[in-house]
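Colleague: Got a structure here, written out as structure tokens. Questions coming.
The values are calculated or read from the model by the stated rules, or taken from the named source; none is laboratory data. In this text, all values refer to a predicted model and were calculated from it rather than measured experimentally. Virtual Cβ from ideal backbone geometry, glycine too; neighbours counted across all protein chains shown.
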Amino acid sequence: MKILLINPSQEKVYGKRMSPAYPPLGLMYTGTVLRNEGHRVRLLDIDPENINEEKFERVMADFAPNAVGITSTTPTVKDALKWAGLCKRLNKNAPVIFGGAHATIVPGDVIKESAVDIVVIGESESTSKELFNELSGPGPELERIKGIYFKRAGKVTMNDRRPFIEDLDSIPFPDRTLLEKPDAFVPPDAVYLPVATIITSRGCPGNCTFCCTKQIFSKRFRARSVKNMIEEIEQLTGKERIREIHILDDVFTLDKKRTLKFCEEIKRRNIRAHFQLINGLRADFVNREILGALKSIGVKTLGYGVETGNEKILKSIKKNIPFDVTRKAFKLSKELGFETWAFLIFGLPGETEETIKDTIRFTKELNPDLAKFLVLKPYPGSEVYEELRKKNLILNNNYEDYGVYTKPVHRLPFLEPERMLYWQKRAFREFYLRPGKIFFHLKRIRSWTQLKILINDFLFVIYLMFRSAKNKKSP
């Protein structure tokens with residue numbers, strides 16, 4: 001069976017067209033499983049391949065897929081549906097299957113779309129294997145496949161949810177030859193190219209109300225074995241000559257014994273690569289031993305989700321990490337020589353201009369090397385989305401506007417969208433335009449790659465500082 005897998009444009013994720021940071025790892029896992037089943041797979045990545053409608057029509061004509069799989073997040077779903085509609089126009093006999101975060105969280109909404117035939121919910125590897133094998137045979141019986149919604153004669157059938165994959169080692173390593181443009185990806189703050197991304201665990205025990213991870217992978221932490229992780233890394237750094245590994249886990253250090261064993265094996269096997277934990281760490285899942293082990297394998301940068309500097313807001317979002325624990329994590333990270341990041345969110349329920357000032361003050365107290373001030377995007381499926389929706393505080397239901405750096409899509413009783421943007425810009429200015437910060441960032445450059453990325457990042461921060469200049473000024 002010929003299967004076309006599509007990764008839609010990520011432009012709406014960031015609010016502007018940027019070089020793609022990371023390859024579509026979920027599609028790569030799915031594509032690898034399908035290849036191993038004997039299917040012919042073409043992964044079409046819209047941004048790095050510069051696909052427009054004309055090029056898309058050529059791909060459809062040349063490859064002539066028997067089925068199409070499309071992934072999407074909330075900000076990319078509109079673009080994904082555009083390609084789905086084109087697929088239907090060009091080849092009405094090829095079923096269109098949607099998967100990914102957005103389809104998992106609101107499958108009922110996605111299956112209603114006229115161009116969508118099937119929705120895959122949750123982890124796709126086992127479901128896709130069964131689904132596409134069934135579709136390749138005569139008279140497919142979709143009723144028996146767990147983890148899907150499907151339409152037949154206009155009627156939607158909702159099958160039972162598939163259990164989560166218990167043995168993550170059973171999933172084959174993603175085949176990077178699926179990528180047509182593997183060198184197109186430029187991760188933020190990369191030091192050495194080429195870079196590969198890996199994920200070593202799924203699930204997060206946290207209760208953060210703004211996050212949808214638990215709806216996608218559950219709250220139960222499931223992890224690959226150290227042996228399995230090392231085998232993939234040795235393949236990447238050996239045969240594929242990867243110089244930098246970015247680990248995408250949500251809670252990499254939750255299992256401390258596993259983390260320490262991993263670091264010991266990296267050193268024992270003399271694996272030479274630069275490691276980054278790009279989703280950051282929880283401050284309550286680190287200690288001196290863990291951070292020392294990460295330092296010993298060459299990790300140089302650590303980020304922490306601080307979110308807010310106000311005690312009431314912290315409790316309302318169920319973060320449950322006391323400020324003293326966060327202070328200790330930053331202090332210890334600096335003592336051990338790490339560069340530190342802090343991730344902050346403005347516009348959480350209960351936010352006011354005074355609570356935002358608390359957050360700015362706390363960030364300055366922590367004094368990370370870099371701070372990223374974001375405005376909340378209440379994604380469907382999250383607790384915070386439901387809270388805001390019930391109070392009629394969601395102003396915009398156009399999911400293209402739910403990107404990381406796009407303007408606010410909600411209001412709060414004591415904080416209008418314009419003020420959220422004003423305080424975001426002010427926070428960037430107050431933090432980065434302090435004496436010493438510019439010198440620090442120049443000093444930390446260790447490669448030409450990092451210099452180019454630093455210039456792009458600087459220009460983007462300037463854009464965030466000064467966009468929407470017509471916003472009302474603060475008294």
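Colleague: Report, ordered by the first and then the second residue, all pairs with beta carbons closer than 6 Å, sequence separation of six or more or different chains, a first member in the range 137-160 that is in the same structural domain as Val106 (by TED's automatic domain parsing), and a second member that is of a type in the set (Asp, Glu).
Modeller: Listed by first residue and then by second, the contacts come to Pro140/Glu134; Ile145/Glu130; Lys146/Asp160; Lys151/Asp117.
Residues are listed down the side, and each one gets a yes or a no for (1) at pLDDT 95 or above; (2) out of contact with any Lys or Arg (no Cβ under 9 Å at 6 or more places or on another chain):
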| position | (1), (2) |
| --- | --- |
| Arg269 | yes, yes |
| Gly280 | no, yes |
| Gly292 | yes, yes |
| Gly303 | yes, no |
| Ser316 | yes, yes |
| Asp324 | yes, yes |
| Leu332 | yes, no |
| Glu335 | yes, no |
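Colleague: How many residues are among the charged types (D, E, K, R), out of contact with any helix residue (DSSP H, G or I) (no Cβ under 6 Å at 6 or more places or on another chain) and in contact (Cβ under 8 Å) with a residue 40 or more places away in the chain when one looks only at the range 197-221?
Modeller: Residues flagged as among the charged types (D, E, K, R), out of contact with any helix residue (DSSP H, G or I) (no Cβ under 6 Å at 6 or more places or on another chain) and in contact (Cβ under 8 Å) with a residue 40 or more places away in the chain within the range 197-221 amount to 1.
Colleague: Which number in (1) closer than 27 Å to Met1 by Cβ; (2) touching a His at 6+ places or on another chain (Cβ under 8 Å) marks the one condition that Ile198 misses?
Modeller: For Ile198, the failing item is (1).
Colleague: Between Glu166, Glu123, Glu130, which is at pLDDT 95 or above, closer than 21 Å to Asn36 by Cα and not in a loop (DSSP other than H, G, I, E, B)?
Modeller: After applying the criteria, what remains is Glu130.
Colleague: A further question on this structure: Which helices (runs of 4 or more DSSP H) sit wholly inside the range 212-289 and have at least 1 residues that are of a type in the set (Ser, Thr, Tyr) and farther than 30 Å from Ile321 by Cβ?
Modeller: In the range 212-289, 226-237 are the helices (runs of 4 or more DSSP H) which contain 1 or more residues that are of a type in the set (Ser, Thr, Tyr) and farther than 30 Å from Ile321 by Cβ.
Colleague: Sticking with this one: Would you list the strands (runs of 3 or more DSSP E) that sit entirely within the range 2-87 and hold 2 or more residues that are surrounded by fewer than 23 Cβ atoms within 10 Å (Cβ to Cβ)?
Modeller: 40-45
Colleague: Restricting the range 103-120 to residues that are of a type in the set (A, V, I, L, M) and not in a strand (DSSP E or B), which is surrounded by the most Cβ atoms within 10 Å (Cβ to Cβ)?
Modeller: Ala103
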